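What follows is one structure encoded as structure tokens, with my remarks underneath.
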Amino acid sequence: MRTVSRWIIVAAALLAVGCANQKEPAEKAVAAAESAVAAIRDEAAKYAPDALQSAESALAGVKDKLAKGDYKAVLADSPQLTAAVSSLKDAVASGKAQAEAAAAAATEEWNTLSADVPKMVEAIQSRVDILGKSKKLPKNVSQEAFDSAKSRLESMKATWAEATSAFAAGNAVDAAAKANSVRQTGTEVLAQLGMTPG
Amino acid sequence: MAPGQQTPTGENPYAQFYVVKKGDSLSKIAEEFYGDKMLYPKIFEANRDQLSDPNKIKPGQKLRIP
């Protein structure tokens, strides 16, 4: 009986030593992954939310095992965790590059639109002001079309103000989208007023 | 001139232009574009760089229609 007890004590001691040997690398693995995710969390939330969710899920699972003292499982999961963090880094880099390319293209588009759209608004405003003083509209412009053009001109001006604000705030993609919308509306209003651009 | 023709350099690309034909007057052009011949001064003022008298326009002149 004493011999059996001794063996149990020895086995328990060996197990404890084994666990102690795995604890430190397990903690280090989790800490490294946590640190890596934390370092890119903000950018990841913006550029790669799915990959962030995946990495955080993997991290949460491993942290749970660490909290339960299952260091062996933590170390076994460590390669997958490292891979998830690595994938997250790649996804962030890719998403960021795509966003930067889109912003550069939108800025270029904005530069063209910001020179073009105000001239369109100016031309429409001029014609609306003059037709507003006319006793009778020209043959090719109905009262309904004129009223619609006036209303849409106001909408164009409001959207253009939003576009310039968006660009000033650094959102070139939104600014270009709004500017394109104004130009599209303007093209239709020009037609409503019988003003084919020269 | 039919709308859609080339605008002079530096002009607003959305401005409308009209090439004067024989028998035209500014009031006739104003009536065509604005529906009201009494608005001819708008065209005259927009073309002061080439018109000195609203009663003197020549065929071939390219007028800006504001």
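Some observations on this one:
- Filter result for A:Asp116 (in contact with a Lys or Arg (Cβ under 8 Å, 6 or more places away or on another chain) and surrounded by fewer than 19 Cβ atoms within 10 Å (Cβ to Cβ)): yes
- Qualifying residue in the stretch B:5-19 (condition: more than 26 Å from A:Ala115 (Cα to Cα), part of a loop (DSSP other than H, G, I, E, B) and at pLDDT 95 or above): no
- Single residue of the stretch A:120-139 satisfying the filter (in a helix (DSSP H, G or I) and farther than 19 Å from B:Glu45 by Cβ) that is nearest to the other protein chains (Cβ to nearest Cβ): A:Met120
- Members of the stretch B:18-34 found to be within 14 Å of chain A (Cβ to nearest Cβ) and surrounded by fewer than 19 Cβ atoms within 10 Å (Cβ to Cβ), listed by number: B:Val19, B:Ser27, B:Lys28, B:Glu32
- Scanning the stretch A:150-198 for residues that are aliphatic (A, V, I, L, M), within 14 Å of chain B (Cβ to nearest Cβ) and in contact (Cβ under 8 Å) with a residue 40 or more places away in the chain turns up A:Val182, A:Val189, A:Leu190, A:Leu193, A:Met195.
- When restricted to residues that are away from chain A (no Cβ under 14 Å) and either assigned to a helix (DSSP H, G or I) or modelled with pLDDT under 95 (or both), the stretch B:35-66 contains 0.
- Qualifying residue in the stretch A:82-105 (condition: in contact (Cβ under 8 Å) with a residue 60 or more places away in the chain and within 14 Å of another protein chain (Cβ to nearest Cβ)): no
- Filter pass, A:Val117 being touching a Gly at 6+ places or on another chain (Cβ under 6 Å) and within 10 Å of chain B (Cβ to nearest Cβ): no
- Only listed residue being within 30 Å of A:Ala99 (Cα to Cα) and either modelled with pLDDT of 95 or more or part of a helix (DSSP H, G or I) (or both), chosen from A:Ala32, A:Ala73, A:Ala13: A:Ala32
The values are calculated or read from the model by the stated rules, or taken from the named source; none is laboratory data. Predicted, not measured: the structure shown is a model, and the values here were computed from it. Cβ atoms come from the backbone with ideal geometry, glycine included; neighbour counts cover every protein chain shown.
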